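Each reported figure results from applying straightforward, stated rules to the coordinates on display, with no laboratory input. Since the model is a prediction, treat every value here as computed from it, not as a measurement. Cβ placement follows ideal geometry from the backbone for every residue including glycine, while neighbour counts extend to all protein chains displayed.
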Amino acid sequence: MRPFEFAEPTTLSEAAALLAERAGEARLLAGGQSLLPMMSAKLVSPGLLVSLGRIPELRQITWENGGGVRIGAMVTQRTLERSPELRQRCPVLAYAASRIASPHVRNLGTLGGNLAHNLAGSDPPAVLIALDARVVITSQRGERVLPIEQLFTGFMETALEPDEILSEIQVPTPALAAQVYVKHCVRDVDPALVGIAIVAMDADGGSAWSKVRIGVSGVGHIPMRLRRSETALSGGTLDERRIKEAARIAMEEVDPMTDAHGSAEYRRKMTGVMLGRAVKRAIAREAR
């Protein structure tokens, strides 16, 4: 690991100024659970680390009157997992946070850092896609807001520019919604080979859905929304035939990858299997 400078700004504007001044050689440090191993492996060698740990506004969870929640980028995964209000009003996000690696990682790892690195098999992206979340991106040029789907652009790549900070995640929390996240992995502490989240609105007391959003991660290089599968599950009775058809469509929608943990064909097959399980758990109103 090469020597580097270290800065601890106390405001978001100070952090943005440092990034603008040293664009291209500065990297943001959140919880360090992704960046520090990358530095140790010499995958990245920043000349300046800008810590976000002393910026209070980035550690806040704020609930809005309309039911949505604004989550600062430095909120830890452990905080999300244990938040009583989040577990009551948006249980699928709290549950997904609890599936990230181990308690040691979750105590330090942050939601913003998790998203900004776009590591394959990360748990929150699928859930945030299903929840129709948005991310707030800050720089000296101002703020911009992106739908969460548009943040992820390629393997370990995002839409963030070198001088930009992912500062906040905005999550609508619809009432009376079925919410579920299912994860298939080698070990509990491992990233998802297939992670599927479903958020659905009832049309008829649970036997049909008027609206559904499905997010998937771990299968390909970027998390994605399964729009055709959503259409297959919207309207009409959710019987076994429709669930199997949606699973078949999901296998066609994904663009799976092969790595040391599983082949593309295996991931494709498990996408169908896990979607079927997720739908049945959502119908039963199980959170996981």
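Could I get the Rg over Rh figure for the chain? Both from C-alpha atoms, Rh via Kirkwood, rounded to two places.
0.98
Calculate how many DSSP beta bridges within the chain are antiparallel, expressed in % of all such bridges and rounded to the nearest 5.
Bridges in the chain are about 85 percent antiparallel.
For region 126-208, rounded, prolate or oblate, judged on the Cα gyration tensor with a ≥ b ≥ c (square roots of eigenvalues), a/c < 1.5 rounded, else prolate if a/b > b/c?
Note, shape of region 126-208 comes out oblate.
Among Glu21, Glu168, Glu240, which comes first, then next, by fewest other beta-carbon atoms within 10 Å?
Glu240, Glu21, Glu168
Taking a ≥ b ≥ c as the square roots of the eigenvalues of the Cα gyration tensor of region 1-113, is the shape rounded (a/c under 1.5), prolate (a/b larger than b/c) or oblate? Walk me through the intermediate numbers first.
Values: a/c = 3.16, a/b = 1.59, b/c = 1.99.
It is oblate, given that a/c is not under 1.5 and a/b is not larger than b/c.
Please compute the Kirkwood hydrodynamic radius of region 96-241 from all pairs of different C-alpha atoms, in Å with one decimal.
Result for region 96-241 stands at 16.1 Å.
Please enumerate, by chain and number, the lysines with C-alpha under 28 Å from the C-alpha of Lys211, excluding those fewer than 8 residues away in the same chain.
Lys183, Lys244, Lys269, Lys280
For Lys183, Lys42, what ranking results if the residue with the fewest other Cβ atoms within 10 Å of its Cβ goes first?
Lys42, Lys183
For a footprinting-style exposure proxy, rank His117, His104 by other Cβ within 10 Å, fewest first.
Going from least to most buried by this count: His104, His117.
Any idea what diffusion coefficient region 104-172 gets from Stokes-Einstein, in µm²/s, Kirkwood Rh on alpha carbon pairs, 20 °C, 1.002 mPa s? Don't jump to the answer; show the numbers that get you there.
Numbers: Rh = 12.4 Å.
Reported coefficient: 173 µm²/s.
Tell me whether region 58-163 comes out rounded, prolate or oblate; compute the Cα gyration tensor, take square roots of the eigenvalues as a ≥ b ≥ c, and use a/c under 1.5 as the rounded threshold.
Oblate, because a/c is 1.5 or more while a/b does not exceed b/c.
Please report the spacing between the Cα centers of region 94-134 and region 209-288 in Å, no decimals.
Spelled out, the Cα-based centre of one part sits 19 Å from the other.
Run the helix sum for the chain: -39,500 (n - 2.57) per DSSP H stretch of 4+ residues, divided by residue count, reported at 222 nm to the nearest 500 deg cm²/dmol.
-9500 deg cm²/dmol
Under 17 Å from a point placed 7 Å out from the Cα of Ala7 along the Cα-to-Cβ direction: which residues of region 24-39 have their backbone N that close?
24-30
Expressed as an acute angle from 0 to 90° and rounded to the nearest 10, what is the orientation of the C-alpha long axis of helix 12-21 relative to the principal long axis of the chain?
Between helix and principal axis, roughly 70 degrees.
Enter the per residue convex hull volume of region 177-283, computed from alpha-carbon coordinates, in Å³ rounded to the nearest integer. Show your work: numbers first, answer last.
Working: hull volume 8.8 nm³, N = 107.
Expressed per residue, the convex hull around the Cα atoms of region 177-283 is 82 Å³.
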